[in-house]
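A short write-up of the structure that comes next.
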């Protein structure tokens, strides 16, 4: 499969592509060292994918233990101490070792250079270093939570974490501190790549929205992560030296830790969710066969979230004793950040309107994202409101809210991305039936797990407690039942995606007939992504124009050979626009 | 791609040297932004506490060794100058000058660290270290001064704990003019953490400069690759600049206070 440059129009039906490209990034070299010393962004993406799957499993097992323990009002399987360590392990592993690196490190690494027509990220060695740094930090953190554990909760508030906790706080914090550098390296690499490595014709206004989203994410990673790094350093110094700036006995203020911690950790939830929003923009256009509604609005709302997200951190501290006036200000700013998120949701909904929608697994995950993220976002406004937050603060309502955003939003977006790009990454198609089944099971299991928690929280069940009154048991049992369904839903992709590597049908270069540049190379991609530097002449989502007329790609050869392909029944559709119509979307 | 792009220093994934250099520069500037944010957490915390406890911070600051800080400031500013000369030498392809300027920069940075180490040693000798060390010395000073004020005060004229005990003699917490030994320790936490982290940055900078020296010896810094020197210099200047903020915050805060 070759790249068609703008001045070589193709009118005849394209020749069928070669079944197996001679050399691709996977079969080029099979040695272990070729993986461990690779500077290829695609292989580093795969390294991250494997590591993150491992950490997701560890965090998921911890979540399962927490839910099992809550089956009984007095704790079913764990002691109080073990319970504290277990929910901390769940929080630390899921947030720092899965959600923060998830889409930027796996999909960002793999697809940002391909989407903008580059051969690699700007700093390939730095990229490899980021994986090693991540693994070293993750090693410390996982060792800390498994060998003895941490009982402070992932928020690590002093003076408990600095003075009174006799658990592995120091190695755990050190691990998180190190993974922060990995996050900075990835963010820096992606940002410089987007600035400097775009191929001819790839203007900012023609960039896929995934790139805009990751650009905004990198902005937060670059400006937020160093602040938590210094905060955690100060915490470690305080623990090791026995004296430090958060120590109330020498006039220090533990509340200052909360300010500095949330100055990063609130924007960090946007590090987690904004890449997911980028994925949704890619998938929703592809499976509705439509251009995105409001490209500029969706693109700039990512940047808007990144900027306003830095101004809302104190809403975590409404009941911690901050000034009443600053609480009012932060309440207002928190509601303000709902605006760009809502802009995105409305634009995605408008994109679906009158689209030719098909329901393959990536689209099912994306639609689930839309529903769950909206619920999570709206319940966030309850918590931004000062009066209701005093009632709901630190209850299961908060737990349910952020799981709706983080799991219902981000994890589903991650699954959507994985299913969307799996054929490109591995060159194999997975089971259509089982992937749809998995999306449905996860959606149902998710609702069953977390809706009861809203009720629990509203009735006052505090988070992080192993015990609860008898009348809450029914909701806790419902929630645990939902978690089992959810867990089963997560196991399925592990099985059918693995099987697809060995038994899956070979994927064509563009199984979804998508418009992005990453689909213009063979699956799996060749060593340097493109045989020749691509040239871009139109916007990223010109689904109304036949793919072969966009001046940069070829449609799938229609035919019986691809009948069983889950996506092969939609080819280029819609009225053919003028060939090489220049469609500039943003300035 | 034209033939001119196949320079040995051009990496395979860049189209031309200009793109490569501008990517390197942009990457370093972004890294510097993260460094600024890293230190800004400390600056914010310092500002909060200095606003809360101005007199205690002034007293604590007045017992740091000002002449070393002044000398070190001079050393670092000079090293920025030699670093800039090094860029010029790299652009001109003047290898001996490049080596000279790089080595001078590394030497000035090392001298900074040497004086810093001497200062730390002096501080430890005076027991001017937050935690039990300072507190025990202060308690001892209070005890002995309460019994025989004159003799002992003169026997430890420059010791911060003794000076503080002499000032606080006859006062208790909350009296006007009472300076809390605990808050002095809070200042010292900032002093050690800020200068310590800055020192680590200087060491990393010296490491990078020595790496440049090795690269220059190996002939890997031709004029078209001068941006490598420039990128390291950006980092070095930032570390110098952070010192220019640390120095007044830590050493000059109490300069108006007569300490001895």
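Bear in mind these aren't lab numbers, they're just calculated from the coordinates by the rules spelled out. Please read these numbers as outputs of a predicted model, since none were measured by experiment. With ideal geometry, Cβ positions are generated from the backbone for all residues, glycine too; neighbour counts draw on all protein chains shown.
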Mean Cβ count within 10 Å, highest first, over the residues of peptides A:280-287, A:504-511, B:49-56: A:280-287, A:504-511, B:49-56
With 10 Å bins from 0: P(r) over region B:151-234, alpha-carbon pairs, percent: 14, 25, 17, 13, 13, 13, 5, 0
Chain B: radius of gyration over Cα atoms, expressed as a fraction of 2.2 N^0.38 Å: 1.31
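Got the relative contact order for chain A handy, in percent, Cα pairs under 8 Å and 6 or more residues apart?
It rounds to 19 percent for chain A.
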Residue order, fewest to most beta carbons within 10 Å, for B:143, B:137: B:143, B:137
Centroid-to-centroid separation of region B:163-226 and region A:423-447 [C-alpha atoms, Å]: 53
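Based only on the alpha carbon positions, what is the Kirkwood hydrodynamic radius of region A:390-478, in angstrom?
Evaluated over region A:390-478, this radius sits at 14.9 Å.
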Overall dimensions of region A:39-89 by Cα: Rg and Dmax, Å: 16.0, 52
Helix-only [θ]222 nm of chain B, DSSP H runs n ≥ 4, -39500 (n - 2.57) each, per residue, nearest 500: -26000 deg cm²/dmol
Contact order normalised by residue count of region B:1-129, Cα under 8 Å, 6+ apart, percent: 18
Pair residue A:170, residue A:459: separation of 7 Å Cα→Cβ label points (nm): 4.5
Relative contact order (%) - chain B, alpha-carbon pairs under 8 angstrom, separation at least six: 33
Near-label residues of region B:196-229 by backbone N, under 18 Å of a point 7 Å along Cα→Cβ of residue B:94: B:213, B:216-217, B:221-227, B:229
Residues A:434, A:422, A:143, sorted so that the one with the fewest Cβ neighbours within 10 Å comes first: A:143, A:434, A:422
GNM result for chain B, Cα springs below 10 Å: residue of B:203, B:75, B:26 fluctuating most strongly: B:26
Label-to-label distance, nm, for residues given as residue A:81 and residue B:68 (7 Å Cα→Cβ offset): 4.4
Hull volume in cubic angstrom per residue (convex hull over the Cα atoms of region B:55-169): 106
Using a Förster distance of 51 Å, the FRET efficiency for residue A:323-residue A:50 (Cβ separation, nearest 0.05): 0.60
Label point 7 Å beyond Cα of residue B:158 along Cβ direction - residues of region B:108-152 with amide nitrogen under 15 Å: B:118-128
Average beta-carbon neighbours from other chains, 10 Å sphere, peptide B:173-183: 1
Cβ-Cβ FRET estimate between residue B:175 and residue A:57, R0 fixed at 60 Å, reported to 0.05: 0.50
Number of partner chain Cβ atoms within 10 Å, mean per residue of A:115-122: 3
Segments A:410-419, A:232-241 sorted - mean Cβ within 10 Å per residue, highest first: A:410-419, A:232-241
Kirkwood hydrodynamic radius (C-alpha pairs) into Stokes-Einstein, region A:261-328, 20 °C and 1.002 mPa s, D in µm²/s: 154
Within region B:159-192, backbone nitrogen closer than 19 Å to the virtual label 7 Å beyond the Cα of residue B:146 toward Cβ: B:161-176, B:178-182
Per-pair calculated FRET efficiency, R0 = 25 Å: residue B:214 and residue B:26 via Cβ, rounded to 0.05: 0.45
Shielding score for A:214-227, defined as the mean number of other chain Cβ atoms within 10 Å: 3
Viscosity 1.567 mPa s, temperature 4 °C, Stokes-Einstein D of region A:327-437 from Kirkwood C-alpha radius, µm²/s: 82
Two-site label geometry, residue A:342 and residue A:160: point separation in nm, points 7 Å out along Cα→Cβ: 3.5
Mean-position separation - Cα centroids, region A:383-400 and region A:218-233, in angstrom: 26
Cα-based equivalent ellipsoid of the protein assembly as shown: semi-axis lengths in Å, sorted from largest, via gyration tensor: 51, 37, 21
